[in-house]
Structures are given as C-alpha cells and as structure tokens.
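A.B. asks: Dumping the structure here so I can ask a few things about it.
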Amino acid sequence: MKKPKLAMVGVSCLDHIWQVSHFPPNHSRTHAHAYQVQGGGPAATAAVTGARLGADVRLLTVHGDDSNGQLAKLELERSGVDLSYLRTYPNSQMVVSSILVTPEGERYIFPYMGNNLLDTDKDLDFSILEGVDCLVTDSGYPIMNKAILKAAKTRNIPIVADFGHRRNWHLATYADYLIVSEECATEVLGRNDPEAALDALKQFETQYVGITLGEEGYLFTQASRTRHIPAFPVEVVDTTGAGDVFHGAFAYAVARGFDLDYCGLFASVTASLSCTALGGRAGIPDAATVEAILQEQNFREAS
C-alpha cells in the first residue's frame with residue numbers, strides 16, 4: 001500500500017486541560033481531579049491524527065518563540081509530524097487554551113490567541129504541496145491559508161476544510177470536502193436544523209458537505225444524496241479535539257482512495273475513539289484498530 005501524504009495548514013496551540021467531578025460549580029473554588037498539558041489546534045491535531053494513522057504529514061502553522069511554542073513543537077515532532085514549514089516570529093506568544101472537562105466529557109474552551117503570530121503569505125514555501133494526496137485547512141490564518149489553498153487548487157489536490165465557526169467563511173469555496181461543526185452550521189443557516197443547513201453550506205454543486213454532530217453522529221450529502229452515520233459508542237472521557245481528529249482521519253481516508261461513505265465511517269470511528277482519553281490526542285487510534293472495528297461491524301468500502 002502506498003503511504004498517504006497529507007499536508008495541514010492552520011492553527012496549532014497548547015491546551016491546559018482540567019477535568020472536574022462536578023459541573024457547574026456550587027462554590028467559587030472547585031477542585032480538579034485531573035490536569036494535563038497537551039498540544040491542540042484544528043490543523044495540528046488533524047496532523048497528529050494523520051501521522052498516528054500511518055501517513056506522512058507536513059504541517060504549516062505559526063508558533064510562538066516562547067516556552068509554550070517550544071513544548072507544542074516538541075510534541076508534534078514526537079508524534080511524527082514534519083515541521084519543516086513551521087513559522088515563528090521574534091517576541092511572539094503561542095496560542096494557548098484553558099479547557100474545562102465535565103464528568104460527562106463535555107469540554108468548555110477558553111482560548112488565548114497569542115501575540116505577534118503573523119498571518120502573511122510572504123515567503124511561503126509551496127513545496128509543502130509536492131506529492132500531497134490531500135490537504136486539510138482550518139479557518140485560522142486566512143491570508144496564509146488562502147495562498148496555500150489557491151496553490152493546491154492549481155495542483156488538483158483534494159481539499160478538506162474544517163470550520164468550527166463561520167469566521168473566514170470565504171475560504172469555504174476552496175473546499176472539495178466541506179465538513180463543519182453543528183455550531184458553524186447553525187451560524188450559517190440561522191437556526192439549528194442540520195439537514196436544512198446542508199444546502200445552505202454548499203458553495204458549489206459538486207461540493208461534498210458534512211456536519212459533525214457529536215454524540216448524534218455525522219450527517220453528510222454528496223451528489224444529492226444525504227446520509228446519517230450514528231456515532232460509534234464509546235465510554236466518553238473527553239470530547240476535546242474530536243472534530244479535529246475527524247478531519248484528519250477523513251483526509252487520510254480520502255488519500256487512501258476509500259469510497260466516500262467509508263471515509264465518513266472511518267473518520268467517525270476514529271473521532272469516537274479519541275474521546276476515550278483525556279485531551280485531544282491521547283486517544284487517537286492507529287489505522288489497524290479503526291479498520292478492525294469497521295470489519296467487526298460489517299462495514300466495507302463500496303469502491
């Protein structure tokens with residue numbers, strides 16, 4: 001099997017995660033029973049997912065030159081992500097998030113978007129796209145993203161777009177596979193109605209559109225056909241990063257040439273398994289684990 005090559009462009013951050021046994025708090029002080037520091041960010045966690053599944057992965061992102069930036073870089077390198085295209089700037093602060101995880105595994109994120117993390121298309125190294133089978137983009141760093149997306153289009157590289165919200169929505173038109181959160185779908189449509197939102201999200205007729213629905217699974221439409229995939233049942237510890245994992249796994253499946261129904265199934269199982277450990281990356285499985293589960297469930301790729 002040819003080893004897939006993936007490129008990711010967008011946000012990387014460092015997550016500080018507190019798990020509490022009671023939420024909401026009754027008092028001004030509520031003790032956490034678990035704490036962890038772990039890398040995060042949509043593009044970066046998608047990159048770790050691709051590497052864990054067995055792909056060669058390159059990441060274009062911006063890190064602070066502070067200790068948080070160094071810690072996030074070290075974790076990505078240990079995960080097997082190629083950081084040759086990493087950008088840092090003097091006197092910059094890394095994006096960091098405080099994440100509170102409830103007993104049910106729901107997470108509340110409080111991001112600080114850093115300082116002096118320049119969003120620019122100057123001196124971009126477009127060799128990141130050489131030989132790439134699929135590109136994942138989030139809506140962060142829109143200037144940098146737009147330049148890479150335009151270059152990917154000219155090279156006919158399939159593009160998976162991750163939108164957790166409507167910010168920088170103009171980038172959605174570049175996506176071959178537009179996969180958004182339920183929150184983003186609600187923002188675009190103006191009400192919470194995922195099935196109705198599918199048409200509102202679509203930027204052009206042949207675009208694949210999907211909505212991740214958390215415990216309600218995954219809804220997508222392609223070639224005028226709508227399908228719902230239930231969430232794979234797991235004992236949820238923490239849902240942090242599940243959407244990011246979904247996008248990385250979906251891109252991996254596209255790069256493998258899987259049927260699109262199977263891509264959705266593969267990504268859904270991968271994202272569900274990632275929720276079984278604290279933090280967005282600790283629970284990410286390898287490809288063999290995901291494929292074994294799909295075989296047990298009698299799912300087969302249609303192609």
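The values are calculated or read from the model by the stated rules, or taken from the named source; none is laboratory data. Note that this is a predicted model, so its numbers are computed, not measured. As a convention, Cβ positions derive from the backbone with ideal geometry for all residues, glycine included, and neighbour counts pool all protein chains shown.
A.B. asks: Does any residue of the stretch 250-263 turn out to be within 15 Å of the chain's Cα centre (by Cα), farther than 25 Å from residue 75 by Cβ and part of a helix (DSSP H, G or I)?
C.D. replies: Yes: one or more hits.
A.B. asks: Looking for something at pLDDT 95 or above, within 22 Å of residue 159 (Cβ to Cβ) and of a type in the set (Gly, Ala, Ser) - is there at least one such residue anywhere in the stretch 67-81?
C.D. replies: no
A.B. asks: For the stretch 142-156, indicate whether the set of residues that are surrounded by 20 or more Cβ atoms within 10 Å (Cβ to Cβ) and within 30 Å of residue 236 (Cα to Cα) is non-empty.
C.D. replies: no
A.B. asks: Same structure again: Quick check on the stretch 264-291: of everything there that is in a loop (DSSP other than H, G, I, E, B) and among the hydrophobic types (A, V, I, L, M, F, W, C), which residue is surrounded by the most Cβ atoms within 10 Å (Cβ to Cβ)?
C.D. replies: 284
A.B. asks: Filter the strands (runs of 3 or more DSSP E) completely within the stretch 1-113 down to those with at least 2 residues that are within 18 Å of residue 144 (Cβ to Cβ) and among the polar types (S, T, N, Q).
C.D. replies: Correct list: empty, since no element meets the threshold.
A.B. asks: Which residue pairs have Cβ atoms under 7 Å apart, sit 6 or more places apart or on different chains, and have a first residue in the stretch 132-152 that is within 11 Å of residue 171 (Cα to Cα) and a second that is crowded, with 22+ Cβ neighbours inside 10 Å and modelled with pLDDT under 95?
C.D. replies: none
A.B. asks: Something else now. Looking at the stretch 28-54, I want the residues that are closer than 18 Å to residue 6 by Cα and surrounded by fewer than 16 Cβ atoms within 10 Å (Cβ to Cβ) and have a partner that is charged (D, E, K, R) and at pLDDT 95 or above with Cβ atoms under 7 Å, at least 6 apart or on another chain. Which pairs are those?
C.D. replies: none
A.B. asks: Output the residue which, of all residues in the stretch 163-173 that are at pLDDT 95 or above and in contact with a strand residue (DSSP E or B) (Cβ under 6 Å, 6 or more places away or on another chain), is nearest to residue 232 (Cα to Cα).
C.D. replies: This residue is 163.
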